[in-house]
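Here is the structure we will look at, set down as structure tokens.
The values are calculated or read from the model by the stated rules, or taken from the named source; none is laboratory data. Every value quoted in this text rests on a predicted model; they were computed, and no experiment measured them. Positions of Cβ are backbone-derived with ideal geometry, glycine not excepted, and every protein chain shown enters the neighbour counts.
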Amino acid sequence: MIRNAFIMQITHELSAQLEQLRQQHRYRTLVQRQAQHLQFDSNDYLGLSMHPRVKAAYAEGVQQYGASSGASPLVSGYQAPHAYLRQQLAQWLEREDALLFSSGFAANQSTLQTLGSQYQRIVLDKLSHASLIDGVRHFKHWKRFRHNDVAHAQELLLPNVANLLVTESVFSMDGDHAPLNQLAELPADVWIDDAHSIGISGESGRGAGATLSAAQAPLLTITFGKGLGVMGAAIVGSSVMTDYLMNQARDFIYSTAMPAAQAQAVSASINVVQSAEGESLRQRLRDNIQYFREQCVAQGLPIGANQHAIQTLILGSEERVIAWGQSLRALNIYCGIIRPPTVPQGSSRLRITVTAAHSTADIDALVTALIITRDLVEKANVTA
Ligand SMILES: Cc1ncc(COP(=O)(O)O)c(C=O)c1O
């Protein structure tokens, strides 16, 4: 009886908080993906997760190295495919070295926590990903600059001290680009999270971050679970930085290394990205984005301005975006239903990702479903 006292009280409190989220239309649930769903909510921008060479590399890796790396990298989890991938990334992105992490979240959070104390001031874009915010939140010397506002970033930097400026090349919930060249002019070390750009933009898919030199952007986050179609991440930079992280970053030291098979699949994916096929997949992606946007404009749908695979329909309230999302699901179309706290209050949105794997018929089905939904939801007069 006494043993259960705390858990009962806490369960009661948690249930009340969950109920509050329901009332605010912010309660989240898992939806199991089904083969017959038409997905417009994946970050697999080039469709590489289903590419025969990527799948074969994964399968061969499992045969050769097993399903797990078996230990953290500094113990015995580091194998030939990990070493190869590090070298491949460094060469491709023209940096000295790369350090592998099991996710982009871990890479960002852990690296910021580890390197943050070396800087006297850290500034981040207001719309930076949660993993970057979590990396700095326990420090006192960080500030956020207004989204993509170079002058404001400059204002927040301190004179004559070590400044670190962190931004994303493409913002995950808006699909817009950071003004990287201008930010690189500021008196700060620039760290670019290239999660939504690697593989799909830049020369041979090197991403937006690598359009800047190592001197302009000494740190890059490269995630493997989006355009590269696999999972995991790397921090790419100088060998001293990666060596320091290898010795000090707790997520790297105290976590099981990604399976060697996974590293092998990422390498195969990079090979596809660098090939002529990668170029044609990027072209197909651009064509699909353009086609989708043209259809939206022609139908008067409130599509955002950017040209990235991440397309947005800003709808306003949580209730409204939920109503749109549910109507679309009833029509077998799955889009991201994005609400606060992921995005600012009043800017709930559908996050629609168009990929190279979509056919014209898929996009037509999406646009038709959006039109039906608009008519239904707006007729029902769900508050904006
Ligand atoms: C900009 C950005 N950085 C980092 C991450 C985290 O990457 P991962 O999914 O590999 O943990 C994400 C994922 O949503 C992201 O959008």
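Among the candidates Thr360, Thr355, the residue that is touching a Phe, Trp or Tyr at 6+ places or on another chain (Cβ under 7 Å), closer than 21 Å to Ile200 by Cβ and surrounded by fewer than 17 Cβ atoms within 10 Å (Cβ to Cβ) is uniquely Thr360.
Taken over region 218-233, the criterion of being within 15 Å of the ligand (Cβ to nearest atom) and farther than 23 Å from Glu277 by Cβ is satisfied by Leu219, Leu220, Thr221, Ala233.
Scoring Ile200 on the criteria (1) touching a helix residue (DSSP H, G or I) at 6+ places or on another chain (Cβ under 7 Å); (2) closer than 20 Å to Gly116 by Cβ; (3) buried (at least 18 other Cβ atoms within 10 Å of the Cβ); (4) not small (Gly, Ala, Ser) leaves a single failure, condition (2).
Please count how many residues of region 322-360 are aromatic (Phe, Trp, Tyr) and touching a Cys at 6+ places or on another chain (Cβ under 9 Å). Count: 1. Cβ separations smaller than 7 Å between residues 6+ apart or across chains give the following pairs from region 117-145 residues that are surrounded by fewer than 21 Cβ atoms within 10 Å (Cβ to Cβ) to residues that are part of a strand (DSSP E or B) and basic (Lys, Arg): Lys126/Arg144; His141/Arg121. Tally up the residues in region 154-177 that are in a loop (DSSP other than H, G, I, E, B), within 20 Å of Gly135 (Cα to Cα) and within 16 Å of the ligand (Cβ to nearest atom), please. So the answer is 4.
Looking at this structure, is Tyr84 over 21 Å from Ala188 (Cβ atoms), away from the ligand (no atom under 14 Å from the Cβ) and either without any contact (Cβ under 8 Å) to a residue 60 or more places away in the chain or over 20 Å from the mean Cα position of the chain (by Cα) (or both)? Yes: the conditions hold for Tyr84.
Which one of these is among the aliphatic types (A, V, I, L, M) and over 18 Å from Gly227 (Cα atoms): Leu112, Leu85?
Working: Leu85 fails: over 18 Å from Gly227 (Cα atoms).
That would be Leu112, the only listed residue that is among the aliphatic types (A, V, I, L, M) and over 18 Å from Gly227 (Cα atoms).
Residues in region 261-269: is at least one farther than 29 Å from Val354 by Cβ and buried (at least 19 other Cβ atoms within 10 Å of the Cβ)? Yes, region 261-269 contains a residue that is farther than 29 Å from Val354 by Cβ and buried (at least 19 other Cβ atoms within 10 Å of the Cβ).
Give the residues of region 1-48 that are under 31 Å from the mean Cα position of the chain (by Cα) and among the aliphatic types (A, V, I, L, M), sorted by residue number. Across region 1-48, the qualifying residues are Leu14, Leu18, Leu21, Leu30, Val31, Ala35, Leu38, Leu46, Leu48. The criterion of at least 1 residues that are free of Cβ contacts under 8 Å to residues at least 24 places away in the same chain is met, among helices (runs of 4 or more DSSP H) falling completely within region 226-305, by 239-248, 276-298.
How many residues does region 44-70 contain that are surrounded by fewer than 19 Cβ atoms within 10 Å (Cβ to Cβ), assigned to a loop (DSSP other than H, G, I, E, B) and either at pLDDT below 95 or not aliphatic (A, V, I, L, M) (or both)?
Within region 44-70, residues that are surrounded by fewer than 19 Cβ atoms within 10 Å (Cβ to Cβ), assigned to a loop (DSSP other than H, G, I, E, B) and either at pLDDT below 95 or not aliphatic (A, V, I, L, M) (or both) number 4.
Return the pairs, sorted by first residue and then second, in which the second residue is of a type outside the set (A, V, I, L, M, F, W, C) and more than 12 Å from the ligand (Cβ to nearest atom), the first residue lies in region 190-218 and is over 21 Å from Met241 (Cβ atoms) and without any contact (Cβ under 8 Å) to a residue 40 or more places away in the chain, the beta carbons are less than 7 Å apart, and the residues are 6+ apart or on different chains. Qualifying pairs under 7 Å: Gly202/Thr211. Listed by first and then second residue, the pairs with beta-carbon distance under 8 Å, at least 6 apart or on different chains, first residue in region 10-37 and touching a residue at least 12 places away in the same chain (Cβ under 8 Å) and at positive phi, second surrounded by 11 or more Cβ atoms within 10 Å (Cβ to Cβ) and part of a helix (DSSP H, G or I), are His25/Glu318; His25/Glu319; His25/Ile322. Residues being at pLDDT below 95, out of contact with any helix residue (DSSP H, G or I) (no Cβ under 7 Å at 6 or more places or on another chain) and aromatic (Phe, Trp, Tyr) are entirely absent from region 25-43.
With the requirement that a residue be assigned to a helix (DSSP H, G or I) and away from the ligand (no atom under 12 Å from the Cβ), what does region 178-214 give you? It would help to see each step written out before you state the result.
Step one: filter region 178-214 for residues assigned to a helix (DSSP H, G or I), giving 180-183, 203-205, 209-211.
Residues satisfying the conditions are Leu180, Asn181, Gln182, Leu183, Glu203, Ser204, Gly205, Ala210, Thr211.
When the criteria are applied in full, Leu93 meets the requirement of being in contact with a Lys or Arg (Cβ under 9 Å, 6 or more places away or on another chain) and closer than 19 Å to Ile198 by Cα. Please work out which residue is surrounded by the most Cβ atoms within 10 Å (Cβ to Cβ), limiting yourself to region 87-116 and to residues that are more than 16 Å from the ligand (Cβ to nearest atom), in contact (Cβ under 8 Å) with a residue 12 or more places away in the chain and not hydrophobic (A, V, I, L, M, F, W, C). Ranking the qualifying residues of region 87-116, first place goes to Arg95.
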